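A quick write-up on the structure given underneath.
The values are calculated or read from the model by the stated rules, or taken from the named source; none is laboratory data. Just so we're clear, the structure is a prediction, and the values are computed from it rather than from any experiment. No Cβ is skipped: glycine too gets one built from the backbone with ideal geometry, and neighbour counts run over all protein chains shown. When the accessible area is computed, the model is the full protein with side chains, heavy atoms only, and any ligands, DNA or RNA have been set aside. Shrake-Rupley method; radii C 1.70, N 1.55, O 1.52, S 1.80 Å.
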Amino acid sequence: MNSRRNLVIGNWKLHGTLAGNHDLLLQLLSNLKGLNAVDFAVCLPYVYLFQAQQLLAGSNILWGSQNVSQYHEGAYTSCISAAMIAEFGCCFVILAHSERRMLRLEGHEVTAQRFLRALEGGLTPIYCVGEAQAERDAGVAEDAVKKQVLNMLHSLDDDAFARAKHCNMVVAYEPVWAIGTGQNASPQQAQSMHAYIRQLIATRDPDFAQRIRIIYGGSLNTDNAHALLEMPDIDGALLGRSALMAESFTEICRIANRLALEAYQQST
């Protein structure tokens, strides 16, 4: 039984209003209070980070942003730096999400720069990897994910990698074909890819490979959460649609917490 503490994160994407956020966050604060076997977080649009800080400070729910600039400061209109994000008490930042790769054509070079800026800002990167439908159909899903993982690892020198380990960086496996489609990887497919990602990280640091949290995203919901989260190499979830509904997010968090408690009891 592994000793990694599971993590459930809600990615709100392009959703939210001040009033709606207020109600949702207050519901989550009430619903998740007392669940202490798992870590919880929400990643909001930049403009709502202050609201999250005001409502969530001191609670068992962490918060973060959905991206960060590769620049520290300067004439870069609309960019948001790691230092700015950190001022709002953020813990996490999502990087290399497939929607950013596709919609904004963010390639490895810019993602690597953003990864480094996040580390310098004291943020914990959530690095997203995953294959497209065509890649899975062609039987090259592992090759696609391998390229993404190794690109990240090779972009970090020893000092940066030490920082990444110190801040407990997270990898999120999100098969592109399952994001927002209602499709999802089977528990066995997801477990296999998570174990493969762990093996890739072990080529750089075997000990860290056993400690790093690798979480699953891609139409995870209340119906399939238990089967996915009980897999030995799946250390939590990155939720999209389910994160916007208090009841769904709460139920998935409760499932994760219950599984963690059961695992602890079995190990003692």
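Here the relative contact order of the stretch 53-131, from alpha carbon pairs under 8 Å that lie six or more residues apart, stands at 35 percent. Length gained on full extension, residue 211 to residue 230: 5.1 nm, using 0.36 nm per residue less the C-alpha separation. Note: relative contact order over the stretch 1-93, using C-alpha pairs below 8 Å and six or more positions apart, is 28 percent. Hull volume per residue, based on the alpha-carbon atoms of the stretch 58-129 and their convex hull, is 94 Å³.
In the neighborhood of residue 154, defined by Cβ-to-Cβ distances under 15 Å, what is the net charge if each Lys or Arg adds +1 and each Asp or Glu adds -1? Every neighbour counted, the sum reads -2. With a cut-off of 19 Å on the backbone N, the residues of the stretch 248-268 near the modelled label site 7 Å out from residue 30 along Cα-Cβ are 248-254.
About the centre of its Cα atoms, the stretch 8-109 shows a dipole size close to 200 debye [charges on the beta carbon of Lys, Arg (+1) and Asp, Glu (-1) only; nearest 20 debye].
Each other residue within a Cβ distance under 14 Å of residue 62 adds +1 if Lys or Arg and -1 if Asp or Glu, for a net charge of +1.
Skip the ligands, DNA and RNA, and give the accessible area per residue of the chain with a 1.4 Å probe, whole Å². Here the residues of the chain average 46 Å² of exposed surface. All Cα-Cα distances of the stretch 1-136, cut into 5 Å bins from zero to the largest, leave 2, 9, 19, 21, 19, 15, 10, 5, 1, 0, 0 percent in each bin in turn. Rounded to the nearest 500, the helix-only mean residue ellipticity at 222 nm of the chain stands at -13500 deg cm²/dmol, with each DSSP H run of n ≥ 4 adding -39,500 (n - 2.57).
Think of the chain as a dipole: +1 on every Lys or Arg Cβ, -1 on every Asp or Glu Cβ, centred on the Cα centre; then among 203, 139, 219, 219 lies furthest on the positive end.
Could you look at the stretch 1-139 and say what percent of its accessible area is carbon and sulfur, using a 1.4 Å probe and all protein chains? Within the stretch 1-139, the accessible surface is 55 percent carbon and sulfur. Comparing the stretch 139-268 with the 2.2 N^0.38 Å rule of thumb, its C-alpha radius of gyration ratio is 1.09 (two decimals).
Per residue, the average separation of C-alpha pairs within less than 8 Å and at least 6 apart gives the stretch 74-208 a relative contact order of 25 percent. Each Lys and Arg contributes +1 and each Asp and Glu -1, all at the Cβ; summed about the Cα centre of the stretch 82-149, the dipole is approximately 140 debye. Reducing the stretch 88-107 and the stretch 155-191 to their Cα centroids gives an inter-centroid distance of 12 Å. Put a plus charge on the Cβ of each Lys and Arg, a minus charge on the Cβ of each Asp and Glu, and nothing anywhere else: the dipole of the chain about its Cα centre is then about 240 debye. Subtracting the Cα-Cα distance of residue 5 and residue 154 from their residue separation scaled by 0.36 nm leaves 51.0 nm. The calculated Kirkwood hydrodynamic radius for the chain is 18.6 Å, given to one decimal from all distinct C-alpha pairs.
In this rough spin-label picture, where each label sits 7 Å from Cα along the Cβ direction, the residue 162-residue 102 distance is 4.0 nm. Among 192, 162, 151, whose Cα sits farthest toward the positive end of the charge dipole of the stretch 146-196 (+1 at Cβ of Lys/Arg, -1 at Cβ of Asp/Glu, about the Cα centre)? The residue sitting farthest along the positive end of the dipole is 192.
Taking Lys and Arg as +1 and Asp and Glu as -1, the other residues whose beta-carbon sits under 14 Å from that of residue 100 total 0.
Residue separation of residue 265 and residue 83 scaled by 0.36 nm, minus their Cα-Cα distance, works out to 61.4 nm of gained length.
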